């Protein structure tokens, strides 16, 4: 059966209110052929994200309406591997609420998305050949994956000349980027005046922001910031800088940057490492 995520905007509700609503869903879901698995509650934003299997979105909606009347603003179909990659497989409380692994706190479903990109990878291949270029990619992949593991991130996919990763913590994402850039400086790889350099971009957001796309605009912003970064730079959204202001990290304001696909220039900051 298809997997669906629904999004509720429920300002002023408590964790207990959401737990009670989820329990009510469980009571009536069978008659509609639906199974609600778990939910994420972002109390500060007043949003709830539920994950269920159902024959269709209408059946999932009927469960909510019959159980408690709290209809979702949006219900989208998602691929299991996509939901797993972005949201992870964190512990689930007795009431169905997802908890942060090792911390016991509610998981808000907010994620920081990070892209790495090897600078001039195509030119590098042309100048030094496929074998040397593959060595560059191998070094990059090893360093990035070690940094992801060390900062509790999740690799989403390999992009050919970079890696896309997801982090529950904005601070963790920034520390991943710093660890990656610092580690790469230890590799003395230089051929035909070409050397290994990486740019990194990051943005933070909730699962569905527009066009019914899981992490749609957050992913796009992270990718565009990565493309706009200078070689060796870590370029992050203003929201990340604000969230990490008290974490002992240093940022340099890069002002508003015009990014492809965004009608309004986006304010960004460079991470000092």
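Rule-based calculations on the coordinates, nothing more; no lab input. Computed from a prediction, not measured in an experiment: that's the story for all the values here. Cβ atoms come from the backbone with ideal geometry, glycine included; neighbour counts cover every protein chain shown.
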P(r) of the chain over all Cα-Cα pairs, 5 Å bins starting at 0, rounded to whole percent, reads 1, 6, 12, 15, 16, 14, 11, 9, 7, 4, 3, 1, 0, 0
Evaluated over the stretch 111-271, the Cα radius of gyration and Dmax, each in Å:
15.4, 46
What is the distance, in nm, between label points placed 7 Å from the Cα along the Cα-to-Cβ direction at residue 20 and at residue 84?
3.6
Report the far tail of the P(r) of the stretch 3-87, meaning the percent of Cα-Cα pairs longer than 18 Å.
35
For residue 262 and residue 135, extending 7 Å from Cα along the Cα-Cβ vector and measuring point to point gives, in nm, a value of 3.8
So, in Å, what gap is there between the alpha-carbon centers of the stretch 197-225 and the stretch 42-71?
25
Helix-only mean residue ellipticity at 222 nm, the chain, DSSP H runs n ≥ 4 weighted -39,500 (n - 2.57), per residue, nearest 500. What is it?
-11000 deg cm²/dmol
Over the stretch 3-87, calculate the relative contact order: mean separation of alpha carbon pairs under 8 Å at least 6 apart, over the residue count, as a percent.
42
Packing rank of 2-9, 265-272, 68-75, where each peptide gets the mean count of other beta carbons within 10 Å, highest leading
2-9, 265-272, 68-75
Rh_Kirkwood(the stretch 71-160) over Cα pairs, Å, one decimal, evaluates to 16.3
Take every DSSP beta bridge with both residues inside the stretch 11-136 and express the antiparallel ones as a percent of the total, to the nearest 5.
90
Relative to the first principal axis of the alpha-carbon coordinates of the chain, what is the inclination of helix 57-67, with its axis defined by its Cα atoms, in degrees from 0 to 90 and to the nearest 10?
50
When only Cα pairs under 8 Å and 6 or more residues apart are kept, what is the percent relative contact order across the chain?
15
Computed FRET value (nearest 0.05) for residue 142 with residue 37, which takes r as the C-beta separation and R₀ as 45 Å:
0.80
Relative to the chain, whose Cα atoms define the longest principal axis, helix 170-184 and its Cα axis are tilted in degrees, nearest 10, by 20
At R0 = 35 Å, FRET efficiency that the Cβ-Cβ distance of residue 99 and residue 242 yields, to 0.05
0.90
Helix 15-28 sits off the longest principal axis of the Cα atoms of the chain, rounded to the nearest 10 on a 0 to 90 degree scale, by 60
Which whole-angstrom value gives the distance between the alpha carbon centres of the stretch 80-103 and the stretch 17-31?
18
